[in-house]
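The values are calculated or read from the model by the stated rules, or taken from the named source; none is laboratory data. Predicted model, so just to flag it, every value in this text is computed and none were measured. Cβ: placed from backbone, ideal geometry, glycine included. Neighbour counts: every protein chain shown. Heads up: the accessible areas ignore ligands, DNA and RNA and are worked out on the full protein's heavy atoms, side chains in. Shrake-Rupley method; radii C 1.70, N 1.55, O 1.52, S 1.80 Å.
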Amino acid sequence: MSVEIFDTVKGIIAEIEASQPANEEALEQFRLRYVGTKNVIKPLFGEIKNVPNELKKEFGQLLNTAKETAEAKYAALKEQLEGSSEDAGAQGLDLSAPGEPLSLGSRHPVAIVMNRIIRIFERIGFVVADEREIEDDWHNFTAMNTPEDHPARDMQDTFYLQDSLTMLLRTHTSSVQARVMTSQQPPIRIIAPGRVYRNETVSARSHCQFHQVEGLYVDENVSFADMKQTLLYFAREMFGPQVSIRLRPSYFPFTEPSAEMDVYLGTATEKDYRLTKGTGWLEIMGCGMVDPQVLDNCGIDSKKYSGFAFGMGIERQALRLYDIGDIRLFFENDVRFLRQFAAAY
Ligand code: PHE
């Protein structure tokens, strides 16, 4: 007798484990049979008294296992059924419907132009130097020959980090020159692309954030002619073999002599005359021979080495290349604008 009743309970446990109600109705049947107040396990507790003393404990444990198995299984089944009806049926989802196509994104026009510039310089041996946008005063200004009180700081006012008079958002990628020259000796041939900041009123032509690519070449016997030829090569790769360049004398604290470089693109293809003011000359960069003081500031022997540097804005070139009328479009991230560059690489 006692063996039979053990088998009965084991049979119930096996039944519970095997049952797989497919819908709520079947689940309710499961509940009534194994968990509800009139479940099939309950009356078996009354049989304990008929079980021989030495087996009572074991039988009691088996009944408890049956009860717990039923409750746990019911809870799991309930969650499973509710979950799946929430996921699909309840929301009226048709799981056999075809998926929605994911549209491919596109590169930002600023990134496209920046990558183009990088590739042109990489072909003649420049390597990319990637540096921080939050800079200290020394790398951004002092090392670049613009000490505190220097009037040139006014032309490049920027955003300072709260509670700090020395940490700021870099105003130009020239800070990378200082980073590189303090950590390695010539020959140095780098380009440094990245975002820069200025405390300026945002308008169609200027923004408080924009992008530059910096270039630096330091070695023995580097001359102004080397710079001019390098930049002419760049201009022709970038805008076409027919373009000419001109260097206008200019001033930067960290180069001597300094120049502004313009590229002649003509007016035939120009839609927005504000960029060249109708002259066909697009100003694209500042450049010059690295001031010996800057080399010395950074621990490079200015008696032995010389170099040239240049820094160009990306947005202005992108405006001209794609005939874009307003610089703010670059930072608004309106997909209707951005999508137009999907075909460019
Ligand atoms: N840093 C300068 C600017 O932001 C550009 C520049 C770089 C000029 C290197 C000369 C040499 O205007």
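Look at where the Cα atoms of the stretch 238-261 and of the stretch 3-27 average out, and the two centres are 87 Å apart.
Label-to-label distance for Glu133 and Glu24 is 5.2 nm, based on points extended 7 Å past Cα in the beta-carbon direction. Peptides 311-318, 276-283 ordered by packing proxy, namely the average of other Cβ atoms within 10 Å per residue, highest first: 311-318, 276-283. Quick note on the stretch 1-137: its Rg to Rh ratio, both from C-alpha atoms and Rh being the Kirkwood radius, is 1.53. How many angstrom lie between the C-alpha centres of the stretch 195-222 and the stretch 142-173? Each part's Cα centre sits 14 Å from the other's. Extension gain, Lys56 to Met155, is 26.3 nm, computed as 0.36 nm per intervening residue step minus the present C-alpha separation. Across the stretch 157-307 the C-alpha pair distances fall into 5 Å bins from zero in the proportions 2, 8, 15, 18, 19, 16, 11, 7, 3, 1, 0 percent.
Note on the chain: helix-only mean residue ellipticity at 222 nm, from DSSP H runs of 4+ residues weighted -39500 (n - 2.57) and normalised by residue number, equals -11500 deg cm²/dmol.
Expressed as a whole percent, the proportion of Cα-Cα pairs in the stretch 217-298 lying more than 18 Å apart is 48%.
Here the gap between Ser250 and Thr65, fully extended at 0.36 nm per residue and compared with their Cα-Cα distance, gives a gain of 57.6 nm. What does the C-alpha gyration tensor say about the overall shape of the stretch 2-83? Classify as rounded when a/c is under 1.5, otherwise prolate if a/b is larger than b/c, or oblate. Because a/c hits 1.5 or more and a/b exceeds b/c, the stretch 2-83 counts as prolate. Placing dummy labels 7 Å off each Cα toward the beta-carbon, the span from Ser203 to Lys228 is 3.4 nm. Treating r as the C-beta distance of Ser103 and Thr37 and R0 as 51 Å, the FRET efficiency rounds to 0.35. Size descriptors for the chain: radius of gyration and Dmax over Cα atoms are 37.5, 112 Å.
Taking every protein chain into account, the accessible area of the stretch 2-83 amounts to 64 square angstrom per residue (probe 1.4 Å). Each label point was placed 7 Å from the Cα along the Cα-to-Cβ direction; for Ala72 and Ala14 their separation is 2.0 nm.
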